[in-house]
Amino acid sequence: MGFGLPAATAYDRAITIFAPDGRIYQVEYAFESVRRGWTTLGIKSRGGAVVVVHKKKQSPLVDEKIVQKIFRVDEHIGASFAGIASDGRVLVDQARHLALLHRFYYDEPILVEYLAKQVCDIKQAYTQHAGVRPFGVAIIFVGVDDNGPQLYMTEPSGRYLSYYAVAIGEKSGDATSFLEKNYNYELSLPEIIKLGIQTIANIAEEKITPQSIEAGYISVDEKKFKIMSIDEIKKYIDELIKEGKIK
Amino acid sequence: MYVGRGGYPKLLLYGEYRKDCLSPSLMSAMNLYTSNEDILTSNNVWWRDLEVLPGTIVGVRVNDGVVIGGEKRLTYNGFILSRNTRKVYPITDHVGVGFAGLMGDIEFLVKILKLEARNYRLQLNREIKPKGLAKILSIILYSYKLAPLLTEVIVGGYSSDGPQLFVLDPVGSLIEERYTALGSGGRVAIGYIEPRYKEDLDIRDAKELVINGIKTAIERDAVSGDGVDLLVITSEGYKLEEYLFKRESKV
């Protein structure tokens, strides 16, 4: 078997084939897409939840004001992703649809966990059907529902986990260790927004600007997800510089 | 889930409204019940004659909970088929329904509602709220708009939103109320309940109000009678109580 190909390549031809060691290579390659994506992080605390994205410089001809990486899924849920942007966009649309349907059926906002679960049902199906490829994207959902502030990260395999803080994409390892050192559940909402921006500033090679950061937040009191304007982000960056936390 | 040959869930397009109105688990159950095209196209259909639904059902919401009561008589063209039917049903520990109308439709709806409530419990890991269940019921009833299920429904229960009471007509209008009386005896019962209702009644007084309201209706409504079933829902859960009125013959 293998038609003269090395053993590893023989098992990544189709996603429905296990490698002898129990791995599914196509799904693992999808994780690689995520690892190459823009750094994206989510943090939740007693005060609410945030997502922060580092937008890397593309071609100077791209109008970056329009590049959107943070999405409002429903009034009380926001999302961002790392990986193949088109896959992410399609899944966010799916998530919006699921959230709408839940309001339609039950007259209540959907639970963030249930939304993450349903999106992962879609992702899982694309690891098992013939003729398709897995979604090369990990999505972070943040929100506030009846169970309090919520943060979920969904993986390309269809697994999802609840986190206090999570980083995906490029340098997510560095970001995670920075968050591990500085995270505390008792932080207020402005404090976790700052922590998010500070984390990005710490791992970024170039200096961060209000244009290179995108962020969204939701507070426990208001329960409405908001995408921050450039002015708001500038305010936080200026504060961080004044406090000497970033250069 | 939705993913399969087609890929994604369908959008809510008008042409597919009825199909899309049903949650996935419900759709398979609904396939058992197909509507008759002849009924749909005729202007003079049998159920248009049934303007008032037989029976009496009363619901009262007070600060501590909700009391739903229904009498026990089942009639068919003026003949008493049964003196021992139940018209109030618990759906979960904290949500229940009461009906006036055709028993077949009632039993069908109770089965679907229990299915929906259990599905919700499994999927979301919490109990469905009265409002959520009432909304689902509203969607089901509306989906049968052209050949309606002949029922008027009270949905009541207790959740983190406090005690709540909803009223639905045969095509699914969804109205929140503090007290209500439905069915052929409802017009009599409401006259008893309305002047006596207060939001701060305790549960014992609310039960008495419901029983007396139904007793008043039974005196003047021929298709209601024989006893009262009470469904009492508080923060602690539900309780079902039965009171039989059958009089012994003195001859």
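Key figures
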quantity: Stokes-Einstein D (µm²/s) once Rh is taken as the Kirkwood radius of chain A over alpha-carbon pairs, at 10 °C in 1.306 mPa s; calculated: 85
quantity: Share of carbon and sulfur in the accessible heavy-atom surface of the stretch A:77-201 [1.4 Å probe, %]; calculated: 50
quantity: Dipole in debye (nearest 20) - the stretch B:51-244, about Cα centre, beta carbon charges: Lys, Arg +1; Asp, Glu -1; calculated: 400
quantity: Exercise: per-residue mean of other protein chain Cβ atoms within 10 Å, A:120-126; calculated: 3
quantity: Modelled label reach - A:F104, point 7 Å along Cα→Cβ, the stretch B:113-156 residues with backbone N closer than 16 Å; calculated: B:135-144
quantity: Computed magnitude of the charge dipole of chain A (debye, nearest 20; Cβ of K, R +1, Cβ of D, E -1); calculated: 500
quantity: Cα coordinate range in the stretch B:51-244, projected on the principal axes (Å, largest first); calculated: 45, 41, 25
quantity: Distance between modelled label sites at A:K242 and A:S86, nm, 7 Å Cα→Cβ extension; calculated: 4.5
quantity: Normalised contact order of the stretch B:65-112, rounded percent, pairs of Cα under 8 Å and 6 or more residues apart; calculated: 28
quantity: Additional length obtainable on full extension of the chain from B:I80 to B:K114, 0.36 nm per residue less Cα span; calculated: 9.4 nm
quantity: R0 of 30 Å, Cβ-Cβ distance B:E107-A:N147: FRET efficiency to nearest 0.05; calculated: 0.30
quantity: The protein assembly as shown - Rg (one decimal) and Dmax (whole number), Cα, Å; calculated: 28.8, 103
quantity: Label-point gap, in nm, between B:F245 and A:R36 - each point 7 angstrom along Cα→Cβ; calculated: 7.8
quantity: In degrees, nearest ten, helix A:25-35 long axis to first principal axis of chain A (Cα); calculated: 20
quantity: Simple spin-label estimate for B:K145 and A:E232 in nanometres, 7 Å along Cα-Cβ; calculated: 3.9
quantity: B/A buried area, accessible surface, summed, 1.4 Å probe, Å²; calculated: 2300
quantity: Efficiency of FRET from Cβ geometry, B:D93 and B:E199, R₀ 25 Å, rounded to 0.05; calculated: 0.60
quantity: Å² of accessible area per residue within chain A, as computed with a 1.4 Å probe and no ligands counted; calculated: 47
quantity: Per-residue mean of C-beta atoms belonging to partner chains within 10 Å, peptide B:121-127; calculated: 3
quantity: Test item: A:99-106 mean partner chain Cβ contacts at 10 Å; calculated: 5
quantity: Residues of the stretch A:22-63 with amide N under 14 Å of the 7 Å Cα→Cβ point at A:N202; calculated: A:41-43
quantity: Positive-end residue, the protein assembly as shown charge dipole about Cα centroid, Cβ charges, pick of B:I140, B:G78, A:Y160; calculated: A:Y160
quantity: 32 Å Cα-Cα threshold exceeded, pairs from A:K55/A:K117; A:K65/A:K123; A:K123/A:K247; calculated: A:K123/A:K247
quantity: Charge dipole of the protein assembly as shown about the Cα centre (unit charges at C-beta), most positive-ward option of B:A217, A:Y105, B:V155; calculated: A:Y105
quantity: Environment charge of A:I227, counting only residues whose C-beta is closer than 12 Å and scoring Lys/Arg +1, Asp/Glu -1; calculated: +2
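The values are calculated or read from the model by the stated rules, or taken from the named source; none is laboratory data. Predicted model only: the values in this text are computed from it and were never measured. Note that we place each Cβ from the backbone using ideal geometry, even for glycine, and neighbour counts take in every protein chain shown. Each accessible area value is taken on the protein alone, full model and side chains, heavy atoms only, with ligands, DNA and RNA left out. Shrake-Rupley method; radii C 1.70, N 1.55, O 1.52, S 1.80 Å.
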